Structure formats: C-alpha cells, structure tokens
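**Student:** Handing you this structure, nothing more for now.
The values are calculated or read from the model by the stated rules, or taken from the named source; none is laboratory data. Nothing here was measured: the structure is a model prediction, and the numbers come from that model. Here the Cβ positions follow ideal geometry from the backbone for every residue, glycine too, while neighbour counts run over all protein chains shown. Just the protein is used for accessible areas: all its heavy atoms, side chains included, with ligands, DNA and RNA removed. Shrake-Rupley method; radii C 1.70, N 1.55, O 1.52, S 1.80 Å.
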Amino acid sequence: MTQTGSILGTEVRRVEDPELIRGHGTFVDNIQVEGKAHAIFVRSPFAHAKITAIDTGAAESAPGVLGVFTSEHLGTDPLKGFADVNEKAGRAALAVDKVRYVGDPVALVVAETRAQAMDAAELVDVDYDDLPAVSDVEDALADDAPLQFEEIGSNVATQRADKEGADVLAGAAHVTRVRMVNQRIATAPIEGHAILVDPTAEPLTVWISTQHPHMARDLLAETAGVEKDDLRVIAPHVGGAFGGKAGSTTEHAAVLLAARKVGRPVVWSETRSEAMLSMHGRGQVQYAEIGFDQDARITGLRLRVIGECGAYAGFGGALAVGPTYLMATGPYVVPKLRFDAVGVMTNTSPVGAFRGAGRPEAAAALERAMDVAAAELGLEPEEIRRRNLIAKDAFPYSTPTGMTYDSGDYLLPLEQALELAGVDDLRAEQQRRRENGDAKQLGIGIATYVEITGFGGSELGSVQVQPDGSAVVMSGTSAHGQGHATSFSMIASDKLGIPLDRITYRQSDTAIVKTGGGTGGSRSLQIGGSAVAKASDELREKAIEVAARMLEAAPDDVTLEDGTFAVAGVPDSSLSWTEVAAYAHEHDGELGIETEFTLPAATFPFGAHVSVVEVDTDTGRVVPLRHIAVDDCGTVLNPLIVRGQQHGGAVQGISQALWEEMVYDSDGTPLTGTFAAYTMPTAADTIMLEASNTETPSPHNPLGAKGIGESATIGSTPAVQNAVVDALSHLGVRHIDLPCTPERVWRAIQAGGDADIWREPPSVFDHLSNADGEPDIVEA
C-alpha cells in the first residue's frame, strides 16, 4: 500500500524556486574554474561574401591573448548538428571560404580576460568580397537567386512531396484558399548560449546551457574525437530555452576545440546582440486550400509550405517537412490530404526550434483557414468546427499523415471555452459597437487544436534511498524551468510515503545520470515521470522485502502506509524508512532502483482557446482584453505547474500574434536585432489569463499524462489572429498576416475587401519529389 492521501493532483509549490528567487542560481557564467580564459567571436558584418583573407597578427600580439583561431586552425569539415537536413549544406566550427549571414562566426579569440578578448577581436582584419544576398524565402526560390551552396544547385535544402496531379479538392462544393505568413521570431531567452570547457579536468568537462546534456555530450565528443565516456557534460541552471538550446551549436564546438588547443579552461557567453541573431524560430509561408461539401464538412485539404532554414540546412526546414506535416489535419476529420513542403536557405540566421517546433505553424494555418471558410460559408467559427471535429467515440483515431491520436474529446474544451468566455454576450457587445460606429471595435477569436508530444522513446528513472531515509530521484530529462524537481519528487513521495522535503532531485550531469533524452517535445512527465514512477514502484517492493526480513514476516504481509512499514494485523510492529534504509545499506550495500520506461507511441494533447481583443480602427492598435485557454494534457499531476505552463505558453503565442517579428531587409541586414527594435512585450502589455483544463488520460503511460509545455502557445496565436480579423470583418477585412501590428492592421482597414488573401504558390511545388523518388498522396 502507499500513503492514504495522494499528493498527486494537488497544487504543490515548486521546490526549485527559492534559490532562483534569492539569486542563488548557478549558471554557466557563474562557474569559477582556476585559470579560466575568455572567448570572443569575430562575426561577419555581411550577409553574403567571400572571405579573401584573414589577418590575425595584430590580435595575436595583443595583451593577454592566448590564441586566435580561424577555420584553418579548427577544421573546415562540416560538424554534425542537432537536425541536419542536407549534408551538403552543413557548418564547420567557423566560416569556411565565405559567410552566409550577418553574424556568421569567422574567427575566435581567446584571452586572459573578456575585455582583452574583445579588444583583440577588433584587431582581426578580415577581407570580404561582397556577394548578392537573398533574405526572403520565396525570392530564394527564383531561378536567378543567389545560392548559399553552389554545389546543391538551388536553395532548397529539403523537401516533401505528394503525387503530382493528385487533386484532393475535386468535387468540393466550396474551396477556401488563403496564403499566410508565420513570421520568424527570436527565441530571446533570459540567458543566451554559454559554455565553459575545462580540458585539464579528467574527464574532459564541459558546462553548457542546453536542454539536452547527453545529446550535447555526444555531439561534442564527436567534434573532439573522443569517446563519449571521456567527456562529461553538466547543464547547470538554464535561463530559458524553448527549443533554442537543443543539443549544442557550432559555436560551442569552436570553443571546445580552442580550449583544447590553448590547454586551459575557456568560457564563452553570448551577448544579447549575439543571442538575438543565434536563436530564431517559426518562419513559414503557407498556402492552404480546404474543400467542403454542401454541409460545410471537409472533403479535402491541400497545404503547400515553405519553411525557412536560414543560411544553412538547419532545423527550420526539418520542421516544415516533419511536425508541420504530421499535424497538418489538426483535430478535424480530413478524408484526403495533399501536403508539399520545401525547406529553403537564405542569407539570414539559421532557424531552429521554438516552443511547439512546427506544430504551432500547422495549427495556425489550419485555424486561420477554417475561420476564412466560416466567413465565406456564412457560419459562426465554432459551428464549422463542431461539424468537423473528430468525434469522441472515434479514438484511437488514424490520420492521413499516419498518426494515431490516442484519446480525446475535442468538442468538450471548445464548449467549455465558449461558455467561460460568454461568447453570446461578447457578440452582443460587438454588435452594439458596430452599430454605434465606435472607433474601438471588439473581436472574438476561436481556435481548436491538437498537438503531438512525447514522440515515443525511452527514459531513465532512478530512485535511491540514502541510509538516513532520504531519497535521491533522477531522470534523463533536463529541466530548464518546467518544475521537474517538484513533479518527479511528488511521484516518488506519493509512491513511497517519503516527505517532499526529504527528496532531492538530480539531473543534467552525464557523469551522474547515465542516459537521457533531455527536454523537448513536451516529453518530460509522460516519459521521465513515468520512469520515476516505475522506479518508485519497484523500489517499494524491494523495500518491503527488506522490511519483511527485519520484521521476520512474509513480504505479502508487510504494508507501507504513510511512510511506515508494518505487519498487517500487528500494530505494535513497525519500521520507519530510516530504519529500513540503514539496514539495507549495511546488509545489501544500497537501497535503490534504476530503470527505464518506454513510451510506446506519441500522445496528443488538445484544447480550445478564445481570445477577446479591442482594435482601434483609427490607429490599428490591438489591445488584448481577455484570453480563455482550456487545454487537455491528460491527467493533471500538479495544477499549479500546469497553469504556469499555460500562462507562459499563451503569452508567447499572443506575443507572436501581435508584436514579435524578426525582420531582415532585402540585403540580409537584420533590422530588429536589439530589444530597441524587436517588440518584446512587458508585463504591462500582457493580461491575466483565464486558464482551465479538461482531463482525458492517455493510455500510453501509467500517469495518463500528455504534454503541456507547448499547448497554450499552439492554441493562442491563431485565436488572437482570428479575433483581430473578426473585429474588422464588418469593414471587409478578410485576413491579416502575423504579427497583427498597428501598421499592418491599419493598412488592412484601408484596403477593406480589396486585399488579396491568395496568390498562386511558387512553381517549385510543380516539380517536387521525395528523396525516395516515390511521392504519394495519403488518404484516411
């Protein structure tokens, strides 16, 4: 037996917060190692240029300089990356022969102090031969566009194609068509990339700000040419990531190689300017076409997607052909799908993952198109969704993209969100403002979504009880703010009856945690938490066997309740965890379990959001008034942590809808590379969020959990965008691209119904084929 009152499902304050609140956190830049030197990168001011010469002489002789390195010193071969999609378009540690975006690292200076390294970096003289640049993904597809890698012959790094000529829209009574831009945004974490390498340690030790310590170890070990066990990676506190710190980067590799050459510890921590150019996400141009029958039910969906890779064949293209494709049909019954996508390289910073990584982009395209369709068909936006949502009794449900949705009741959160919002009253107020000709119009936006999380796979779980009866819990996931120490300790406490304040959580050190998949894809609780639950169950049985020996009873007669071992029916005979643990350590050597849990398949959280905004028709300014989020992440372990994830995710999604956008000019010059130009919202810009949950457990793990880290981001962006358009629909406005800035909104008002919401996609989609040469159409 376990303790009588379960802690699971209750609000428990996060145990990891006090040291952060008090300023006691340990980040890479805080770590002190004797003899630590500092690294500074020399970066390209050009978006596209040949490197004709690099003179490092003056820098090498500058005070305190220990070394100045170029690709000639650190290697010219492309390094293995987190998500390479084209081996011909990889990156070396430093730029080779030419630079491909503003900020491309060309040289690395290592000096005794950071100030000396910065001074010396200014002395590195690089000769460039400027080349034509292209910053727009559609322009990059033109026949005469400047090529990033001439040997590839085009700027297409990766692609996915369905069968040419297959028409999934044939026979539709109505077809809705809309072109959308899902803009590039800066990840902008509190802490940028950072790494400290100590080549004098045994083994070679690296502290790095990463979501994936074990992946970073594997990538850096390959870079260094050492065995994985000969390199230790530690991720201390991480100041934000959201996909931007997946694995390790080429800059990390360069610092590692330089540190080994100078033979002493070297640290590098990004400046804010560097961070604004190193971590970008989103970035898609989407062409959506949906066919409907006479009852407004979907007959077919066609999506053509252009994903931004940036200067190298990075993750942005992989997201377009991967997760965006997998979730293309969303929560709806879509009989036929045709999906084509290309990942395109430009002279801009490489694009990586950002909270949701391809799934928000799919939802944004589908939800915006559904609203356009509702307007064209004369239906309320919730009604067209009701007619097309997958029914509750249809699960497990197989989609045209090969996904099997595990469990769901997609209508439930929609109806709950509508009720919480009081949509009828809101629309009455909207109508009143329209009739009065108010300058400030009210908009109500709706979005329903489903996303993929977990993605299957295994994770380590470990629970070790110390001789004093306290416990150490470990998992291979790596928290950077999600609350793993609280959640995983709650699981162990519930299973074992050990108080939370007697449990310590350890993570993110490859010398202590043997294996780990890190954090991404909202995988932590359902895989890592389930691994801890499994370890706790096995440990409970092991401890009962030890207690049975001590009590001279059969294990089946021993109970564990509220942290006390006792023999059933013998109330005077009991043992504490301290007694059992001390005995086990003395006679058995230890008392612990290390195991793995394998998630058999992905899980699929879902939900519905309602956004209420006010739009000033004189200025185009949009002010969010309310945001209602009803998200279903399966069984809720700690409502406080779930709500925190909903709040954080929704704010990021609202921000993409209204404010954030990474902008380049036509020559590849970043125009929003600082917070002075990049519109990052403050607390004054945000609103109190109305977050609640439905609970539909997943059958794929013992906790019944699904992911929550990305859900609110996915639901919020299209809800807000739909709300802005709804506020202006009576003026003829049919669509506004993200972000809905005052200028963009004002221009849409002036154009009214004359603005085009569709144009034919680039011709590249006319001659795509999959890598295996066998493109196909998928049908449910």
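**Student:** Only one residue in G461, G518 is touching a Pro at 6+ places or on another chain (Cβ under 8 Å) and either assigned to a strand (DSSP E or B) or not charged (D, E, K, R) (or both), so which one is that?
**Tutor:** Answer to the check: G518.
**Student:** Answer with yes or no whether S698 is outside any loop (DSSP other than H, G, I, E, B), open to solvent by less than 30 Å² (accessible area, probe 1.4 Å), among the hydroxyl-bearing types (S, T, Y) and closer than 24 Å to D632 by Cβ.
**Tutor:** no
**Student:** Let me ask something else about it. Condition first: open to solvent by 10 Å² or more (accessible area, probe 1.4 Å) and closer than 30 Å to A417 by Cβ. Now tell me which residues in the range 589-608 satisfy that.
**Tutor:** Scanning the range 589-608 gives A601, A602.
**Student:** Now for a separate question. Collect the residues in the range 250-299 that are closer than 24 Å to P189 by Cβ, under 26 Å from the mean Cα position of the chain (by Cα) and small (G, A, S), keeping them in residue-number order.
**Tutor:** A253, A254, S269, S273, A275, S278, G281, G283
**Student:** Further, regarding this structure: Of the conditions (1) touching a helix residue (DSSP H, G or I) at 6+ places or on another chain (Cβ under 6 Å); (2) in a loop (DSSP other than H, G, I, E, B); (3) closer than 17 Å to G707 by Cα, P467 fails just one. Which one is it?
**Tutor:** Against the list (1) touching a helix residue (DSSP H, G or I) at 6+ places or on another chain (Cβ under 6 Å); (2) in a loop (DSSP other than H, G, I, E, B); (3) closer than 17 Å to G707 by Cα, P467 comes up short only on (3).
**Student:** Between a first residue in the range 540-565 that is touching a residue at least 60 places away in the same chain (Cβ under 8 Å) and charged (D, E, K, R) and a second residue that is in a helix (DSSP H, G or I) and surrounded by 14 or more Cβ atoms within 10 Å (Cβ to Cβ), which pairs have beta carbons less than 9 Å apart while being 6 or more apart in sequence or on different chains?
**Tutor:** R540/K495; R540/L496
**Student:** Of these, A535, A548, which one is open to solvent by less than 50 Å² (accessible area, probe 1.4 Å), under 15 Å from E459 (Cβ atoms) and among the aliphatic types (A, V, I, L, M)?
**Tutor:** Answer to the check: A535.
**Student:** While we're looking at this one, here's another question. Could you check how many residues of the range 431-449 are buried (at least 21 other Cβ atoms within 10 Å of the Cβ) and over 32 Å from the mean Cα position of the chain (by Cα)?
**Tutor:** Here the count works out to 1.
**Student:** Would you say T619 is at pLDDT 95 or above, at negative phi, part of a loop (DSSP other than H, G, I, E, B) and open to solvent by 10 Å² or more (accessible area, probe 1.4 Å)?
**Tutor:** yes
**Student:** Kindly establish whether L20 is open to solvent by 60 Å² or more (accessible area, probe 1.4 Å) and over 21 Å from V197 (Cα atoms).
**Tutor:** Yes: the conditions hold for L20.
**Student:** Say we look at the range 670-695 and pick out the residues that are open to solvent by 20 Å² or more (accessible area, probe 1.4 Å) and among the β-branched types (V, I, T); which of these is farthest from Q211 (Cα to Cα)?
**Tutor:** Per the criteria, the residue is I687.
**Student:** Considering only residues that are over 16 Å from R540 (Cβ atoms) and of a type in the set (G, A, S), look in the range 555-573 and name the one that is least open to solvent (accessible area, probe 1.4 Å).
**Tutor:** In this case the residue turns out to be S573.
**Student:** OK, next. Can you name every residue in the range 456-501 that is surrounded by fewer than 19 Cβ atoms within 10 Å (Cβ to Cβ) and not small (G, A, S)? First the steps, then the outcome.
**Tutor:** First pass over the range 456-501, keeping only residues surrounded by fewer than 19 Cβ atoms within 10 Å (Cβ to Cβ): 456-458, 466-470, 472, 499-501.
Selection gives Q466, P467, D468, V472, P499, L500, D501.
**Student:** Let me ask something else about it. Identify, please: which residue in the range 52-96 is more than 22 Å from Y128 (Cβ to Cβ) and in a helix (DSSP H, G or I) and is, among those, most open to solvent (accessible area, probe 1.4 Å)?
**Tutor:** My answer is E87.
**Student:** So, one more: Looking at G732, G752, can you tell me which residue is modelled with pLDDT under 90 and surrounded by fewer than 16 Cβ atoms within 10 Å (Cβ to Cβ)?
**Tutor:** Only one candidate qualifies: G752.
**Student:** Also, I was wondering about something else. Within the range 709-719, is even one residue in a loop (DSSP other than H, G, I, E, B), touching a Gly at 6+ places or on another chain (Cβ under 6 Å) and closer than 30 Å to S278 by Cα?
**Tutor:** From the range 709-719, those in a loop (DSSP other than H, G, I, E, B) are 709-710; that's our starting set.
Of the ones still in play, those that are also touching a Gly at 6+ places or on another chain (Cβ under 6 Å) are 710.
In the following step, the residues that additionally are closer than 30 Å to S278 by Cα were identified as 710.
Yes, some residue in the range 709-719 is in a loop (DSSP other than H, G, I, E, B), touching a Gly at 6+ places or on another chain (Cβ under 6 Å) and closer than 30 Å to S278 by Cα.
**Student:** Check G402 against each of (1) assigned to a loop (DSSP other than H, G, I, E, B); (2) more than 27 Å from A341 (Cα to Cα); (3) open to solvent by 20 Å² or more (accessible area, probe 1.4 Å); (4) small (G, A, S) and name the one condition it does not meet.
**Tutor:** It is condition (2) that G402 fails.
**Student:** Would you check if there is a residue in the range 695-713 being over 30 Å from D494 (Cβ atoms) and at pLDDT 95 or above?
**Tutor:** For the range 695-713, residues over 30 Å from D494 (Cβ atoms) and at pLDDT 95 or above: absent.
**Student:** Can you report the number of residues in the range 304-333 which are more than 19 Å from the chain's Cα centre (by Cα) and surrounded by fewer than 24 Cβ atoms within 10 Å (Cβ to Cβ)? Step through it out loud before you land on a result.
**Tutor:** Start the filter on the range 304-333 by keeping residues that are more than 19 Å from the chain's Cα centre (by Cα), which leaves 304-306, 311-312, 329, 331-333.
Those left that are additionally surrounded by fewer than 24 Cβ atoms within 10 Å (Cβ to Cβ): 304, 332-333.
Total meeting the criteria: 3.
**Student:** While we're here: Determine which member of the set Q656, Q652 is touching a residue at least 60 places away in the same chain (Cβ under 8 Å) and farther than 20 Å from I452 by Cα.
**Tutor:** After applying the criteria, what remains is Q656.
**Student:** From V99, V106, V181, grab the single residue that is touching an Asp or Glu at 6+ places or on another chain (Cβ under 6 Å) and not charged (D, E, K, R).
**Tutor:** Going through V99, V106, V181 in turn, the sole match is V181.
**Student:** Could I ask something else about it? For the range 149-170, indicate whether the set of residues that are farther than 30 Å from I290 by Cα, over 30 Å from the mean Cα position of the chain (by Cα) and in contact (Cβ under 8 Å) with a residue 24 or more places away in the chain is non-empty.
**Tutor:** Within the range 149-170, one or more residues are farther than 30 Å from I290 by Cα, over 30 Å from the mean Cα position of the chain (by Cα) and in contact (Cβ under 8 Å) with a residue 24 or more places away in the chain.
**Student:** Out of the residues in the range 59-84 meeting the condition of being among the acidic types (D, E) and within 18 Å of T249 (Cβ to Cβ), tell me which one is modelled with the highest pLDDT.
**Tutor:** Checking each candidate, the answer is D77.
**Student:** Look through the range 23-51, keep the residues that are within 30 Å of S508 (Cα to Cα) and among the aromatic types (F, W, Y), and return whichever of them is most open to solvent (accessible area, probe 1.4 Å). It would help to see each step written out before you state the result.
**Tutor:** Of all residues in the range 23-51, those within 30 Å of S508 (Cα to Cα) come to 23-41.
If we keep only those that are among the aromatic types (F, W, Y) as well, we get 27, 41.
On the way: F27: 61, F41: 15 Å².
The extreme case among them is F27.
**Student:** To continue, here is another question. Please state which of the following conditions T348 fails to meet, knowing it meets all the rest: (1) open to solvent by less than 10 Å² (accessible area, probe 1.4 Å); (2) part of a loop (DSSP other than H, G, I, E, B); (3) within 30 Å of A170 (Cβ to Cβ).
**Tutor:** (3)
**Student:** Same structure again: In this structure, does A369 turn out to be in a helix (DSSP H, G or I), at negative phi and of a type in the set (G, A, S)?
**Tutor:** In short, yes.
**Student:** Something else now. Let me confirm something: among L220, L231, L196, L204, which residue is farther than 30 Å from I757 by Cβ, at pLDDT 95 or above, buried (at least 18 other Cβ atoms within 10 Å of the Cβ) and in contact with a Phe, Trp or Tyr (Cβ under 9 Å, 6 or more places away or on another chain)?
**Tutor:** Testing whether each residue is farther than 30 Å from I757 by Cβ, at pLDDT 95 or above, buried (at least 18 other Cβ atoms within 10 Å of the Cβ) and in contact with a Phe, Trp or Tyr (Cβ under 9 Å, 6 or more places away or on another chain) leaves just L196.
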